[in-house]
Amino acid sequence: MGGEVVMSSEKIMVVEDEWIVADQLCMSLKELGYTVCSTASTGYEAIMKVESDRPDLILMDIVLKGRMDGIEAAGRINSQFNIPVLYLTAHTNQKYIERAKQTNPFGYLVKPYNQKELYATIEMALHKHRADKEIVNSEMILYKHRVDKETKDHLDRLTRCYTGTIKTFSGAIELRGPYAAGHHQRVAEFAHAIAKEMGLPDFSVEGLWLSAQVYDISLVNMPMEIVRDSGKLTGVNLTMYRTYPQSSYDILKEVYFPWPVANIALQHRECWDGSGFPRGIKGEDILIEARILAIADALEDLTSHRAFRNAFPLKPALDEISTHRGSQYDPDVVDACLRLFNDEERL
């Protein structure tokens with residue numbers, strides 16, 4: 001990480017049955033400034049220590065010795081305590097992923113991982129947990145009190161909380177994913193410009209900007225090798241990758257937004273002609289914000305360097321998007337994009 005270590009007030013529990021791995025992880029956590037409040041080597045021991053130590057975050061190995069594995073232990077902890085769990089695993093098969101998803105984890109760390117990935121994933125989980133508690137508190141206030149100046153001030157703070165959470169999420173995704181730094185911000189800027197060109201209301205434009213920061217949030221839970229090679233996947237890995245819009249929807253639907261953020265994330269890989277995923281809807285059944293986001297995402301992707309190809313200059317990138325006008329992309333959105341970028345006076 002570099003620089004002076006800033007001690008964190010959050011306490012972390014490590015659940016790992018290999019003592020060498022547990023010692024190395026505890027050492028890494030302390031170097032990053034976290035407090036390791038306790039360790040456990042079995043699922044039963046973890047549950048008992050959670051009750052007494054009340055950590056702020058649990059790093060849980062999926063495969064543990066004994067009759068209770070990490071997934072079952074996390075499920076019991078989730079049902080009794082409001083404590084976020086990050087899974088540690090060297091296993092990325094679909095069976096483990098599907099079981100683990102049922103316990104609503106805050107993320108996964110696939111072994112081996114480096115300190116930067118460890119730090120980013122922990123900070124994202126802690127930030128999301130704090131934001132969730134803030135949102136719950138906000139909903140209680142709104143239920144008990146009429147909207148007045150105090151509530152308005154609280155909602156303003158909540159909006160800032162949303163923004164901070166969104167920035168944390170997009171930064172964590174970029175650390176893990178195939179993107180260059182600033183990918184989500186550039187997608188948001190493209191989407192914002194196209195939406196304004198099409199005359200969308202300011203309220204919708206604001207929601208689209210927010211959606212562009214988190215539309216692929218579930219990629220933080222996807223095995224690294226699948227995310228990194230997303231442009232050349234086949235077979236089971238491709239099938240698994242194509243679940244990410246639905247998984248992003250499942251995450252985002254639990255957060256209250258005044259915009260259809262979850263549905264925009266769900267639909268941004270759908271195609272105008274119905275050939276997209278995950279649901280194969282088409283035409284105007286796809287939200288206009290999702291149709292705009294699809295082109296903004298494609299334009300940013302084409303004009304950025306990737307592991308398997310160089311970046312396209314802007315003109316060939318626009319030509320590539322035009323090739324799919326009326327099939328993959330909404331013709332009206334393509335036309336707005338071309339007007340925007342081909343008008344040299346406005347570039």
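Every read-out reported here was derived from the displayed coordinates using simple, explicitly stated rules and does not represent laboratory data. This structure is a prediction, so every number in the text was calculated from the model and none was measured. As a convention, Cβ positions derive from the backbone with ideal geometry for all residues, glycine included, and neighbour counts pool all protein chains shown.
Summary table below
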{"read-out": "Distant-in-sequence amide H partners of V63 (H built 1.01 Å from N, under 5 Å)", "value": "G70"}
{"read-out": "When each of K65/K95; K101/K128; K65/K101; K101/K282; K196/K315; K30/K101 is checked by Cα-Cα distance, pairs over 23 Å", "value": "K101/K282; K30/K101"}
{"read-out": "Paramagnetic label zone (point 7 Å from Cα along Cα-to-C-beta, T239; backbone N under 19 Å) in segment 279-296", "value": "279-280"}
{"read-out": "At R0 = 25 Å, FRET efficiency that the Cβ-Cβ distance of E189 and D285 yields, to 0.05", "value": "0.40"}
{"read-out": "Overall form of segment 14-58 per C-alpha gyration tensor (a/c, 1.5; a/b vs b/c)", "value": "oblate"}
{"read-out": "Rough spin-label spacing in nm, given labels placed 7 Å along Cα→Cβ, for E225 and L338", "value": "4.2 nm"}
{"read-out": "Residue-span extension gain [D273 to T323] - 0.36 nm each, minus C-alpha spacing", "value": "16.6 nm"}
{"read-out": "Net charge of neighbours whose Cβ lies under 11 Å from the Cβ of S327, counting Lys and Arg as +1 and Asp and Glu as -1", "value": "0"}
{"read-out": "In range of the label at R67: residues from segment 16-46 whose backbone nitrogen is under 12 Å from the point 7 Å along Cα→Cβ", "value": "44"}
{"read-out": "Where labels lie 7 Å past Cα in the beta-carbon direction, separation of D202 and S79 in nm", "value": "5.0 nm"}
